[in-house]
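Below: the structure, in structure tokens.
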Amino acid sequence: SNRLTVKGDKLYDPSGHQVTLRGFNWGWWGTAQEQDGAANKDQGATAVRMPIRWYFEGTKNDIRETGGTCNISADGLKAIDANIAWATKEHLWVVLFMGSDLGAGNSDDNYWTNPELKAEFKATWLCLAQRYKNVPYIAAYEILSEPHPKKSYTNNDPEGAVKAFYEEMIQAIRTVDEDTPLMIGPNDHYEILQLPGLYTTVDKKNIYTFNFYYPAEYVKETKDGSGHTYRY
């Protein structure tokens, strides 16, 4: 296998050497350049995290195209392929992550209320996993970045709903790609305090991710005397 191996809290490359994923987000499509792979490697990076901007509310510069290959526009898929090639030719590990609305904003249309939307999301991941499963240096598929469903959509159990959503996607992806690690994170924008409720046994090749907002009340909400909000 040309994939990373997950053993406890450590990752190992195909040669058995421990790997620490450290590097850069490449932003939205159109911002990365071919020379960025070499530049990031020279700066000590081992990995690049790349977005798949797959939105369903508004335009938001998205690349979703229902019915297209992988439900992604031709230009969008071309950009993904190019970005992956620029990074992997420098032997940088690539984390592909899905950015999406997931019930954000004012929309009542989301993965918990719209079965057709969830089915399309799942089909998109199945297609992407099939497309990239043999491409070297794919570190992980990050199924959905920073989930934040509203309680009203989840029977007041957003943590349970997020876990169930991930488990459904994990089991689907494993029907086409058994080897690539899958990255998941807890409810409320990857809030570390929600992490214990996310642990799953449906697959052992998971990488858990989170945002370390601590103390959360200070980082996310507290205002100082000048009115500034300390956030992220």
Test L193 against the stated conditions and say whether it is aliphatic (A, V, I, L, M) and either buried (at least 20 other Cβ atoms within 10 Å of the Cβ) or modelled with pLDDT of 95 or more (or both).
-> no
Within the set of pairs 6+ apart or on separate chains, which have a first residue in region 22-43 that is over 12 Å from A79 (Cα atoms) and open to solvent by less than 80 Å² (accessible area, probe 1.4 Å), a second that is hydroxyl-bearing (S, T, Y) and not in a loop (DSSP other than H, G, I, E, B), and C-beta atoms under 9 Å apart?
-> G37/T88
Taking into account only those residues within region 105-164 that are touching a strand residue (DSSP E or B) at 6+ places or on another chain (Cβ under 8 Å) and of a type outside the set (A, V, I, L, M, F, W, C), which is nearest to L195 (Cα to Cα)?
-> E146
Within region 173-190, which residues are surrounded by fewer than 16 Cβ atoms within 10 Å (Cβ to Cβ) and touching a residue at least 40 places away in the same chain (Cβ under 8 Å)?
-> T175, V176, D179
Which one is modelled with the highest pLDDT, of the residues in region 40-84 that are of a type in the set (D, E, K, R), part of a loop (DSSP other than H, G, I, E, B) and out of contact with any helix residue (DSSP H, G or I) (no Cβ under 7 Å at 6 or more places or on another chain)?
-> D62
Is there any pair with a first residue in region 196-210 that is without any contact (Cβ under 8 Å) to a residue 12 or more places away in the chain and of a type outside the set (V, I, T) and a second that is outside any helix (DSSP H, G or I) and open to solvent by less than 30 Å² (accessible area, probe 1.4 Å) whose Cβ atoms are under 9 Å apart and which are 6 or more apart or on different chains, and what are they?
-> P196/P186; Y199/N206
Select from region 1-27 the residues that are under 18 Å from A39 (Cα atoms) and not in a strand (DSSP E or B) and write down the one among them that is modelled with the lowest pLDDT.
-> G27
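The values are calculated or read from the model by the stated rules, or taken from the named source; none is laboratory data. Not measured: the values here are computed from a predicted model. FYI the Cβ positions are ideal-geometry reconstructions off the backbone, even for glycines, and counts take in every protein chain you see. SASA here: full protein model, heavy atoms, side chains in, ligands and nucleic acids out. Shrake-Rupley method; radii C 1.70, N 1.55, O 1.52, S 1.80 Å.
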